[in-house]
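In what follows, a structure is listed as structure tokens, so that the remarks can point back to it.
The values are calculated or read from the model by the stated rules, or taken from the named source; none is laboratory data. This is a predicted model, so every value here is computed, not measured. Note: ideal-geometry Cβ built from the backbone for every residue, glycine included; neighbour counts use all protein chains shown. Protein only, heavy atoms only, side chains kept; ligands, DNA and RNA dropped before computing areas. Shrake-Rupley method; radii C 1.70, N 1.55, O 1.52, S 1.80 Å.
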Amino acid sequence: KGNVAAGCAIGKLEIVGSNVLKISGPLSIVSQIDSVSAVINVDGMSTDVTDSVVPVLYDVDGNVIDTTKLKMSLDTVTISAQILNTKDVALEFSTKGEVAEGYVVTGMKSSLGTVRIKGEAATLNPINKITIPSEVLNITDITSDLITTVDITSYLPQGTALVLNSDAQVEVQIQVEPLVE
């Protein structure tokens, strides 16, 4: 829970040690358990954080279950949260081929000009842009605007990821008009 420091994003979250919690007690209480949550506070953090937290049991309606009559194999769960740096980088698109004879490309637009990526500082520092290869936007012999959606995740540099998964799908429009002489 919480928001990491500015310029940072959460990377990998993992349970350190055993990820199995054995619970025993009266059937009437144990049968109500729908989920178990272990929450780590990352508010304001700019470096990796590890904390031991008390697991909380919930019923199907999201209500906390009283554990006083239950026996749990673990009193606390240790959770580690990786805190990564972020960087805004430009998206660069190029095209492959030539439009049909008598037509000309008049512009290119994309729904996003930049995206925020996350990764280790040493990985992010040299990255200034994400280039989408020309094979993705083939304009060979087109006579009208080409509008397509590109999933940019496979073009992210190794060791990076998008901060917002919603930025993965970028709409690109190649504008084409008849050539007038």
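Exposed loop sites, defined as trypsin sites (Lys or Arg not before Pro) outside DSSP H, G, I, E and B with at most 13 other Cβ atoms within 10 Å, are absent from the longest region of the chain, namely 70-181. Of the options (1) 54, 40, 30; (2) 48, 47, 34; (3) 86, 37, 22, only one is Cα extents along the principal axes in Å as computed from these coordinates, and that is (3).
The antiparallel fraction among DSSP beta bridges confined to the chain stands at about 90%. Apolar share of the accessible surface for segment 1-160: 48 percent from carbon plus sulfur atoms, 1.4 Å probe.
Neighbours of LEU156 by Cβ distance under 15 Å: Lys/Arg scored +1, Asp/Glu scored -1, total -1. For THR106, the accessible surface of its heavy atoms amounts to roughly 70 Å² (probe 1.4 Å, protein chains only, rounded to the nearest 10).
Karplus-based coupling profile of segment 166-177, in residue order and whole Hz: 5, 7, 5, 9, 10, 7, 10, 10, 9, 8, 10, 9, with θ = phi - 60° in 6.51 cos²θ - 1.76 cosθ + 1.60 and x standing for Gly or Pro.
GluC sites (Glu not before Pro), restricted to segment 86-161: which are DSSP loop and have at most 15 other Cβ atoms within 10 Å?
Filter output for segment 86-161: GLU98, GLU101, GLU120.
Using a cutoff of 8 angstrom between alpha carbon atoms and counting only pairs six or more residues apart, the relative contact order for segment 41-92 works out to 48 percent.
Counting only protein heavy atoms and a 1.4 Å probe, the chain has 61 square angstrom of accessible area per residue. One Cα centroid belongs to segment 14-63, the other to segment 104-167; the line between them spans 38 Å. Solvent-accessible surface (1.4 Å probe) assigned to GLU177 amounts to roughly 100 Å².
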